[in-house]
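The values are calculated or read from the model by the stated rules, or taken from the named source; none is laboratory data. Everything numeric here is computed off the predicted structure, so don't read it as measured data. With ideal geometry, Cβ positions are generated from the backbone for all residues, glycine too; neighbour counts draw on all protein chains shown.
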Amino acid sequence: MKTTLLIMAAGIGSRFGTGIKQLEPVDASNHIIMDYSIHDAIEAGFNHVVFIIRKDIEKEFKEVIGDRIASICSSHNVTVDYAFQDINDNSGRTSGRPYKAVGNRSGCACSEGRN
C-alpha cells in the first residue's frame, strides 16, 4: 500500500517577514521543520512524499531541502514528487479571495482565505 505524506509548503508567509518561512532553519544543524516531519513519516512506514510548493520557490526549495530529502528518501525506497499551487489561480471563485491552505500533521484541507 502506498502511504503518502503531503507537505503543504506553498504559503506566502506574509506575517513571517523576510525570507521563505518553509526554508528557515530551526536548529544549529540547519534542519527545517520539514526534516522532522519527513523523518517521522519514514520511520512510521510512509513510502511517498509530495511537496506542494509555489513554482516561484521551486529552485531554492530544491537547493535547501528537496535534493537532500530526495537522496534520503531514495535510500529508504520512498518516492518524492512535487505539486505546484498557484495562489493567484481563482478558477471558478466568485469572491476573488485566494485559497488559504490549512493543515497539520494529521491531515489537510483547503479553505477560502479570509483577510
Lone unmet requirement of (1) part of a helix (DSSP H, G or I); (2) in contact (Cβ under 8 Å) with a residue 40 or more places away in the chain for Met34:
(2)
The lone condition Gly45 fails out of (1) at pLDDT 90 or above; (2) in a helix (DSSP H, G or I) is (2)
Regarding Glu60, is this residue touching a helix residue (DSSP H, G or I) at 6+ places or on another chain (Cβ under 9 Å) and either of a type in the set (Gly, Ala, Ser) or modelled with pLDDT of 70 or more (or both)?
yes
Residue hits (segment 1-51; surrounded by 15 or more Cβ atoms within 10 Å (Cβ to Cβ) and aromatic (Phe, Trp, Tyr)) are Phe46, Phe51
